[in-house]
Every structure is written in C-alpha cells, then in structure tokens.
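*Asks:* Quick one: structure below, then a few questions.
Taken together, the values in this text are just the output of simple stated rules run on the coordinates, not laboratory data. Because the structure is a prediction, the values reported are computed rather than measured. As a convention, Cβ positions derive from the backbone with ideal geometry for all residues, glycine included, and neighbour counts pool all protein chains shown.
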C-alpha cells in the first residue's frame, strides 16, 4: 500500500521532468556547477585584486597595525597582567616616568622632575602643569595618591601589588595590618608634589614606577561605574574610558581588534607622530606570520622558529631578534628521588649540549645559559660553575649509584603543550639517553594542569621560563628563597635567604649589592635545583616603514618615538601614480 | 508523535499478509553463511576494491616489519644533520632532529592504523548495538537512549579528556576508550535511522510471525541490513579517529615523543609546510593512500553486501 | 507532526538540564582553577577573587545560584574576560560562526551530494571513482592542512583573496568557508553515494522505472529523496558539531567566532564560559537533531505516510 501510493503521488505532482534523458544529468550538472563556481570566484577575485593592504593604508594614514598575541583580559592597569596588556597600557596611560626605548634610561613622564634624599629612601616628584587626562582635566599628585591607594586594596585583586612593597608600610596596608593609609609612604603634598617614602633604599625604584601597575587611573570615571576596589567594571569600555596616555581607546572588538587614536590632550602630543594603533589579537603564530607577509600587519608579536631561516635569507631587514630579559630552564623536584642527590641534578645539567640544541632546534637565535640570571643586566655577570661535560656527568652518576644509568628510575619531564617545548624536550631526552643511558618520559599537559602539577609539587622535571619584571638581577633571584611562591623545587638554603633578604637590600652601592647577588647565585647553581638551558630572545617581524621601534632587553616600546615612513621608492611610485591620475 | 511509536498493529497486519509474497528475501537472510560467501564472490569481481585490499595489506605488512627492515631507529637523532630533503640515504628526507622520515612514517603508521582500526571497532560495536536496540525497540526506550546520545554530544569534550587523564593516567587503552566514547554517537544515530526503516520491512514482520526471538531477529535480519551505511560510515570514521588521536596527543592523552603517528606528523608538517614540504607530503601521502584504499574497499564491501544490488 | 515537535521539545528540557548539571560539576573536578597563573596569586587576592565569583560558597550553593541566574537570563561574567557577560560574548561570536557554518554546509552539500549522486549512478566505473576521489580530498587533507594551503596559494602567492578576518574585506569569507566545508563534503559524498545505491535497488524505484519514467525523474524525484536520508541524519549533529569544529578554521583565518571561545574556555577553565557555550551547544544539538529527524521523515515516504496516516 505504502510504496505504490507514494510513487504515484510523486509522479502526479511532478509532471515536469520527462523530456531530458539520463545522460544530461551526468554531464550537465558538474559542468554547470563548475561554471558557476568559476564565475563566482572570478567576480570576487576581480573585486579584491586591487585591494590596498593594511600596511599601505596605514603608512598613508599614520595607523600602526600591531600584532598583539592574545586577546587582552582587560584594560585596567591595576588589574591586568601579561604582555599583550602591557603593549596597550603604555599606549593608553603614562606613569610618573617613561623609559627611553634605546637606552632603557628613565625619562620624565607625568613628573617633570624628582629629587632623591641622600639615604635613598625619600623621593619627591614634581608634577608637570600640562599633564592632562583625555577629558582635559589636569593629572595631579592627588590622582596618584588615590590610584596607589586603590591598587593596594586587597579586594581589587592586583597581581602586581608586590611592586609597591618597597614603599614604607605598603605591604602592611595591603595585608590589612595597618588600616590608616596616612601611615603608608605615599603622600600628595600638594596638587603637584608627590612624596614617596621607601622602607629600604631601593636602587631600582624608578624602574618600578614605570611599570603599568603603578600608573594612575581617573577617579571620577571609576567611581561612576562601581566601587574603587571593583575590578573589571565598565569604565574601560571605549564609551567611558579616560586615560592620560598618548592615545585614547576608540574601539574594543573582542578577538578582532582594539583601536586607539591620538589623545589631543596629551602634554607631549606634538612629539607623537602616529595617528593611531590597531592591535590585533592573533593566537596562531603561523597565521600572524602569513598576515604580516600579506601586508596586514606592521609588526608581529612573534615568529615561528621554522620561518626564521627564510627571512634571514630573503628579508633580513625585517627580522628583529634581540636578547630578552628571561631564562628558559627545567625545574627539578628535589623532594623526589633520585633528585634529592645534587650529583644527579648536576649530571643532568652537564649533559645538555646547549650549543648543539640551539644550533639545530632553535635556529641559533638564543644564547646558552648556565645560570638563572641573564648575563649583562646593568652590567651584572652571573657565575658559570659548570660546562657541557658528559664524561664528568657519567662519573657523577657513578658516584650517585647509577653507573651507566643502571637502576635509574623512569622519570617524567612535563611541559605545557607547545611545539617549541616539545622539540627542546625531544632533543634533551635523546641527549640524556645517549650520554647517561637514562630514560625520560615526555609528557605534555594543558597549561592549567601543568600549573597545578607545579604548584602541588607533582612532577619530576618541569619545563619553566622566567621573564624579569624589571631591570635588576633581584627579579631572577628572590624567587629562590626557601618556600618562595615560585620556587616550587623544594630546595632552600638559609644562607641563600640571608644573602637575598638581609644582606643585598642593605648593601651600599651597586657593586656591593651585585657581589651579594653573585654569592647567592653561586650557591643556587652549586645546588642546581634548576637546569638552566638558554636566555630568551625577543623575535619580531617589523615592516621597513616603521621607525623608532628598537629592540631592547625588556622588549619595551615607547610609542612616542615611533613613526611610519613609506620607503622613498614607494613614495615616489605613489606620487607618480597620483600624477598620472590627475592628468 | 515520535516516529518510533509509529509501528502500529494495523500496519503490521497489512505487512504480514504481504510478507508471504516476499519469502524469497526472507530465505536469503535465513542462510547467514551464504550471505557472506556471496559477498566475497561479489567483492572479488570488484577490481578496485581488491586492488585497495592488496595496497592496505602491503602497507600494514610494511609497517609491521619496519623495525626489522629499516636501517634507522625512529627515535635516532642526528642534530648536526637537521632537516634535509629526500636523498638516497633518507628517501623521505629527515626532520629537524635529523631523524629518518621514512622510518618515522612507517612507525607512525603502526600507531595510526592500530588506533584507527581498534577505536573504530569500539565505536562501531557500541554504536551499532545502541542504535539497533534503540531503533528496533522504539517507544520510551528509544526516547531515553537517543536523549542520552544528545547529552553526550553536548558535554565539553576537552574537559572530559582532561578529567579522564587525571583519573586514569595516560595509556593506550584509555586512548581507545576516549575515542570510542566520542565516535559511537553519530554511528548510533545513523544505525537507528536505518533500523527505523528496516523495522517496518516485510521480512521483519515475516520473521516475527515465524516466532523468532528479538535477539535473533536483530542479529539475523536487522543488523545485516544496516551494514551498508555502517561500513561507509566506518571508513569515514577511521580518518576521523586518526586525526582525533593527534588532537588527544595535543591534549597530552595520546602518544608521546619520540613516538609519532600520521596525525601528529601531518600536523607538525602542516606548521612547516613552506620550509620543509617533505615533512608534510610524505605522511600526507601515507594517510591519503590508506584512506583511498579504505574508501574503495568500503564501497566495494557495501556493494557486495547489498543483496538486491547484485540482481540488477 | 506538530505533536511530534512538541514532544521532542519537551524532551529537550531534561536533556539540557542534565547537560548543565553534569558540566557544572565536571569542570570543577578538572585540575587547575580559573585564577591559576604562572606567578602564584597572593592568597588575599585569591580570596577576594573567589568571593567575587562566589567560589567561596559550597558547590551546591554555587549551582543553585547559577541556575537561578539562568532563569533571569544571566550567565555571569566570563572568568577569563571578566569585563564581559557570557551571554554578550556568545552573542558576539554566534552570528559569525553560524554564518561560517552555513556557508561551509552549502559547500559541503553542493560538492558532496553532486559527487555522491553521480558516483552512485554508475558504481565502480570511472564516473564513480573520479568524483568520489575529488570529494575525498577534504578527508585526506585535514582542516589544519587545507586551510594554510589555500591561504598560501590564493592569498600569498596569487594574491587573489584576503587571508584573515571575517567581513572586514570583500571576499574574506571564501577561503574559510571552503576550508571548513571540504571536510564535510567528503562525508556527504560518501553517505549520499551509499544511500543512493541502497535506494536504487529498492522495489519502488524498480516500479518507477518499470512504469517507463525517465531515469532523471527516477533519480531526482524518487531516489534522492530516500537516498539522502543518511546524509540528513548526519547533518544534524554535524551542524551542531561545527561550533567545536570551526575552532581550527577560526584560528587559522583569525575569525572572531564562537568556536574560539568554546575551545579556549576549556583550556582557561573559564567556568561560566564553558557552561554558557555548552548550554548553547546542547540547544543547538537538540534543535538540529530534531530538524534532521523531521527532514528524514519528510524524505522517507514510508515514515511520512505513517505519520499522516496515524493522524
């Protein structure tokens, strides 16, 4: 019943199809479809063949197209962390002082000048009359006093709050041991004088106040959208935003771009040559590189290692690689056997052929590291207490009871999922196997699991990296004090703690201080709770039209120095075309 | 009204009365062995399918024998050599560690083929069973079973995998389970769709009227008739499974270096396709040859198992 | 038919409820919290953050307040992007991903159905092998390989098409749609070939032929209707699966879609965002499975007649 009726129903309702034979379907359909596709493609291609690239239009209009890594979490300088946020903070705000991108020396910012007391504990900043918020109101010492009070509110959740701790009583106030803010060493003496009193002389204090966590925010705007200690309120939205930087926020389109444009109220706007910046959050390195090549970006946040050789051969002028204030290393869990034995830790460190690893897997763009502090920060030189020495390493293993790797337990090296960490791990795994005959299991983990394992000491060896927060060896060394928050190796030494916490802060003068650091670092590297591998490099592709974006060890930018200039040849060509068009 | 509740008694009566006329079909499925024998005879006539079968067998043999025939170890590095294009010493070239790519592709094939076939079998088994029972029994059982499938579709897969790893640690068994647990869902839906149609076929009614038990009907009459789409979908699942393995390795569940698989080799190769094209081309070719063979073999099997098609 | 839809929609309520509940408790069991970072968060800061997001309450209290929020249309702020409500983020990414998925599905259906039907007409001849082999490309070349290949060819070397963005430049939607569609085209082709062959041997097709109908009518009006049922069954979950599957394409082409949110949320342990996208996904799955079941019913004459006969 069902079958017959359904067919007759179809036939009855559709009397149209009967004339053409079967063959037509076979041949006509694909040909027609192919024709349609070709037509569609051709029309779109015709439409976009003549498009102007971002770089060309940017050069003309003064807009910098900036590859910015991942999407920013927010735009409140007291709350955010991370490199992409960092790039935006320096565009939207300005601190008491700035950094010169060529020398990393401190330059006046909102503060026109400052004085330091003889004991190095009291700073007085004199504010610039012309410093203004983007709504035209003046930036005063009271703005900074209020902003720094806000940053010290525990409820705000500032993760960089430790930057304030050199200031007298700041830590106690943050921990709510002191309720009265007037006891903290932050005081606006008038509208244009800010007095800061430190607990100890802190030679790098001016480096700290250049950090965005110590910028000022606009009180009325913040209070219009919630309490002072509320984080992530609507005040950072483009329609509400008020800052005191070179640029103001125009548009924030999540996962697409953030655009900023000139702040005409900025005190030094005449020196700012860019009309605006467009920041692109691009998760994939390869996508970013291709966008750069297609002329969509002036500057990339990173470069895939495999592409470096090609740029070196073909466009070396676009490749910007420079030493960076960071160290790549493996953490050793000294609480687990066999790593309780320093000889085992040393043997592993001595069998990593850093030169070969860097030359083969990392394309030679980084430098080998034999200690935690990158060499040459403010002239500080870390100790080198070992070298690549498989022979010596084998002897150490024999002493430790593992001749030829016999009886060495199967240990795991964990790393957060990333192609580069994997490659380095694969190479080192094989070096240890070949020279020491020990087996390492490589295990990648997603970032949060990796962090969880590190903080709960659930690992044997763990890949790690540390980027200095400021230009001083202290940022690499104070983390290794016993049970320090990011120590995580289980290693600790009272002598090291004493050197770092008591002797170094009191040392008079840079040389004496660095001598204490060197003693502490020697102690650390003798005990080897970490296996240093290399010193980081910053790597960017930067279009030739960008001026004033020098490489420096902090990978720090100062947009005031930047400008866009099309190459003379391009300008000439453009003029020519315009002349032709005019005729 | 749910379509599962549609098998009405009135309809059944009509069909049973018709079933007597369709007894030739019923007989054909009564003789289970002859179905497979016939299929094999028909398959042998399909040159493309047979050629594919040989290619697959050759590839599997090669992968299995790699440790004995390759002059290189899959983990053997030569950092000074680095990545070089194909040469006489290294037919497929080498990767950045100077490892022989041919050896790695063949070793990767062992992993990928194993994962592909075993995990697909797991998915196939669960999916066919679930889909058949759901579609055949119908009613409330069908509703509940299919809504469970919906729920499993919706759960966040990445979190599920991370949890699995935390609870059980990393193992091959877990890998198969994880993949099977995902891949059976679509299979179940497709099988159920087929069974809904088959359930109302005359020969099922005939079998019912002959007093056969439900498991027997399912085994003898329902499942064999779903085989066509099932085989097609299974051959589609195998590549999906191989790529899923690469994704799970990315999450840390799959295999770990220095081991590799086709999925991983291809994903690394894709990252560097401009600089080291051979690192993408050769694993890609290995995967493509396998998939094409599977495809033609699958279609051949499907055609061979379709009893009615042979009479045309 | 309406009754059928109503019943299925009613069934969706427990499905979505179970999904929400299971997801809510599962994600909290995954190691690593939303605030964990490389530098350990200062304990007082962590307490403040946890208080802000109610994480200091018991799991059940959190669950109840989350459900209560849902009824008010409040999915809470994202943990990763705390300045944004989850529902706003979904609303910003959804139209883009839906559009991408729609175009991709069009590509898949156009290529897949044509290849599959042509192949099924003359099985095991060149007319079968060539279109099927073409359709296979999408499976042999996974998305993460096809996407960059298309970008390099059409974007970088030929400079015909934009290589990134969505709706920013004319033509920037072409490459992502083809990339995502290609993967599904192969499935559609295989399933439609199989389904067509199955149907072509059915009695009613023979009857139609015996009646002297032209082959074209038989194929297009009769066989395709039944033969594409496996494709339709596959499409429901496939379209819903696009949400997760579009992640790779969205990353390669720098598209601000929902797929990126969905996958990143899991890696970031962005609890509210995971829940939000999962709820959304479950609604999609229920809707599209329902839709594909309805389509399958419409296409399968037997099922359809039984439905109308019953009513």
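*Asks:* In deg cm²/dmol and to the nearest 500, what is the mean residue ellipticity at 222 nm of chain C if only DSSP H runs of at least 4 residues count, each as -39500 (n - 2.57), divided by the residue total?
*Replies:* Dividing the helical sum by the residues of chain C leaves -24000 deg cm²/dmol.
*Asks:* Still on this structure, please answer the following. With label points built 7 Å along Cα→Cβ from the Cα atoms of residue C:59 and residue A:310, find their separation and express it in nm.
*Replies:* Taking the simple label geometry, residue C:59 and residue A:310 are separated by 4.9 nm.
*Asks:* Rounded to the nearest 0.05, what FRET efficiency do residue B:214 and residue A:456 have when you use their Cβ-Cβ distance and R0 = 35 Å?
*Replies:* Given R0 = 35 Å and the Cβ-Cβ separation, E is 0.10.
*Asks:* Gap in Å between the Cα centre of region C:1-70 and the Cα centre of region B:88-163?
*Replies:* 29 Å
*Asks:* OK, next. Neighbour counts of other C-beta atoms within 10 Å: give me A:191, A:313, C:270, A:497 arranged from fewest to most.
*Replies:* Fewest-to-most ranking of A:191, A:313, C:270, A:497: A:313, A:191, A:497, C:270.
*Asks:* Oh, and also: Can you figure out the FRET efficiency of residue A:180 with residue A:234, using R₀ = 41 Å and their beta-carbon distance, to the nearest 0.05?
*Replies:* Between residue A:180 and residue A:234 the formula returns 0.85.
*Asks:* Testing the spin-label approximation: label points 7 Å from Cα along Cα→Cβ at residue A:434 and residue C:91. State their distance in nm.
*Replies:* Those two pseudo-labels are separated by 5.9 nm.
*Asks:* Also: State the dimensionless ratio Rg/Rh of the protein assembly as shown (Rg: radius of gyration of Cα atoms; Rh: Kirkwood radius).
*Replies:* Ratio of gyration radius to Kirkwood radius for the protein assembly as shown: 1.01.
*Asks:* Next up: Once fully extended, how much extra length lies between residue A:515 and residue A:135, figured as 0.36 nm per residue of separation less the alpha-carbon to alpha-carbon distance?
*Replies:* 131.9 nm
*Asks:* Can you give the angle from 0 to 90° between the axis of helix B:172-199 and the longest principal axis of chain B, with both taken from C-alpha atoms, to the nearest 10?
*Replies:* The answer is roughly 30 degrees.
*Asks:* Order B:199-211, C:50-62, A:79-91 from most to least packed using the mean count of other Cβ atoms within 10 Å.
*Replies:* Averaged packing, sorted descending, gives the order A:79-91, B:199-211, C:50-62.
*Asks:* Here's something else I'd like to know. What does the average come to when, for each residue of peptide C:50-60, you count the partner chain Cβ atoms lying within 10 Å of its Cβ?
*Replies:* Taking the mean over all residues of the peptide, I get 1.
*Asks:* Something else about it: Rounded if a/c is under 1.5, else prolate if a/b is larger than b/c, else oblate: which is region A:83-236, with a ≥ b ≥ c the root eigenvalues of its Cα gyration tensor?
*Replies:* rounded
*Asks:* I would also like to ask the following. Would you mind putting B:144-157, A:504-517, C:22-35, A:341-354 in packing order, based on average other-beta-carbon counts within 10 Å, highest first?
*Replies:* With the highest mean Cβ count within 10 Å placed first, the list reads A:341-354, B:144-157, C:22-35, A:504-517.
*Asks:* Just to be sure I understand the model, the point goes 7 Å from the Cα along the line to the Cβ. What's the resulting residue A:406 to residue A:523 distance in nm?
*Replies:* Modelled inter-label distance: 3.9 nm.
*Asks:* Considering every residue in A:73-85, what mean count of other chain Cβ atoms within 10 Å of its Cβ is obtained?
*Replies:* Average per residue, whole number: 2.
*Asks:* Against the longest principal axis of chain B, how steep is helix B:262-271, in degrees 0 to 90 to the nearest 10, with axes from Cα atoms?
*Replies:* The angle comes out near 60 degrees.
*Asks:* Something else about it: To the nearest 500 deg cm²/dmol, what mean residue ellipticity at 222 nm is calculated for chain A from DSSP H runs of n ≥ 4 alone, each contributing -39,500 (n - 2.57), summed and divided by the residues?
*Replies:* -10000 deg cm²/dmol
*Asks:* To the nearest Å, what is the center-to-center distance of region B:34-60 and region C:77-134, using C-alpha atoms only?
*Replies:* About 33 Å separates the Cα centre of region B:34-60 from the one of region C:77-134.
*Asks:* Right, next: Given chain A, what percent of its DSSP beta bridges are antiparallel, to the nearest 5?
*Replies:* Approximately 80 percent, going by the DSSP bridge assignments.
*Asks:* Tell me the angle of helix C:86-121 to the major Cα principal axis of chain C, expressed in degrees between 0 and 90 and rounded to the nearest ten.
*Replies:* Compared with the principal axis, the helix lies near 20 degrees.
*Asks:* Place the peptides C:39-48, A:412-421 in order of packing, highest mean first, counting for every residue the other Cβ atoms within 10 Å and averaging per peptide.
*Replies:* For the peptides C:39-48, A:412-421, the packing ranking is A:412-421, C:39-48.
*Asks:* Here's another thing I want to ask about it. Give the average, rounded to an integer, of partner chain Cβ atoms located within 10 angstrom of each Cβ in C:212-219.
*Replies:* 6
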